[in-house]
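What follows is one structure encoded as structure tokens, with my remarks underneath.
Just so it is clear, none of the values below were taken in a lab; they were calculated from the coordinates. Everything quoted here is computed from the prediction, not taken from an experiment.
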Amino acid sequence: MNLFPSFYDYIVEGLIKMTFEEVYKDYIDIVYNYLRQRLRDSYLIEDILQETFYAVYRSLQDLKKKDSIKSWILSIAHNKMVDKLRKEGKETLPDLTDKGIGPASNPMPEEALFLEEMLQKLPGEDRQILYGLYVLQLKYSELAEIMQLPEGTIKSKAYYARKQLREWLKEGAG
Amino acid sequence: MKDDREDLIIKYIQDDLTVEEKMDLFDLTLKDEGFRTRLKEELEFAGKLKGTNLILDQKVKDRIYQEIRIKVVKENLAQVDIGNLVTEGILSLFKPRLNLPLFKLLKK
């Protein structure tokens, strides 16, 4: 008897067929970086990653119907994160002194470290929005769905966060 | 108008411009120095933000993957009809003994 039968089931995104293993490999770092914009506890991040990808595995059938795997997985991760934060009763922000920020294998370049430091002055939600827009290339509407916020809120938060960050970066550079 | 320009820049970064928007962007880039500076600024910011990306340690990735596998196996095991398995197991243990007297009887 095969106790792990559907782990290698195929899921379909457009015309691309992917196994769960491929989805895991392709998206684990994306979800990790999204979560660490808001969380500092590496164990908590690991927990959420595990729960997220377990849920992804369990919902392979649903995934066939989704247009964007990336925003679908991030939605699951975001919900898991919100649940955990609600249970903990507080938002955990990245530790300014922790330059490694969790169980990462690559060191951050010095220039990026400065930006990271400035980013940490922003609220976690704003960091996730900027990261979603500029790095993950998510649309406002996709981010609104992931974060369960109105699109207008995402837009204005992005605008003011970016403006604030621009000022801090200018001050820091000066 | 200002909002439209910011949207245009974000859409460009996301590679999500329509043909019409691409032409608008091209036009603005040629004619408006302020827009050109903002575009450059935002592209640089996107690049720098990408530089803050971290790669999760392979050991952690493997651990999470294994944990998921264990969870799945456990769940699948729980779905197996344990009662049936136990009955079959017990029966298979006793089968030869039960059959032995029957065989002797049949031999006679």
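Here are some notes:
- Normalised alpha carbon radius of gyration of segment A:103-170 [divisor 2.2 N^0.38 Å]: 1.17
- Too-long pairs where the Cα-Cα distance tops 27 Å, listed order kept, from A:Lys139/A:Lys163; B:Lys11/B:Lys59; A:Lys25/A:Lys170; A:Lys170/B:Lys61: B:Lys11/B:Lys59; A:Lys25/A:Lys170; A:Lys170/B:Lys61
- Extension gain, B:Asn76 to B:Asp16, is 17.3 nm, computed as 0.36 nm per intervening residue step minus the present C-alpha separation.
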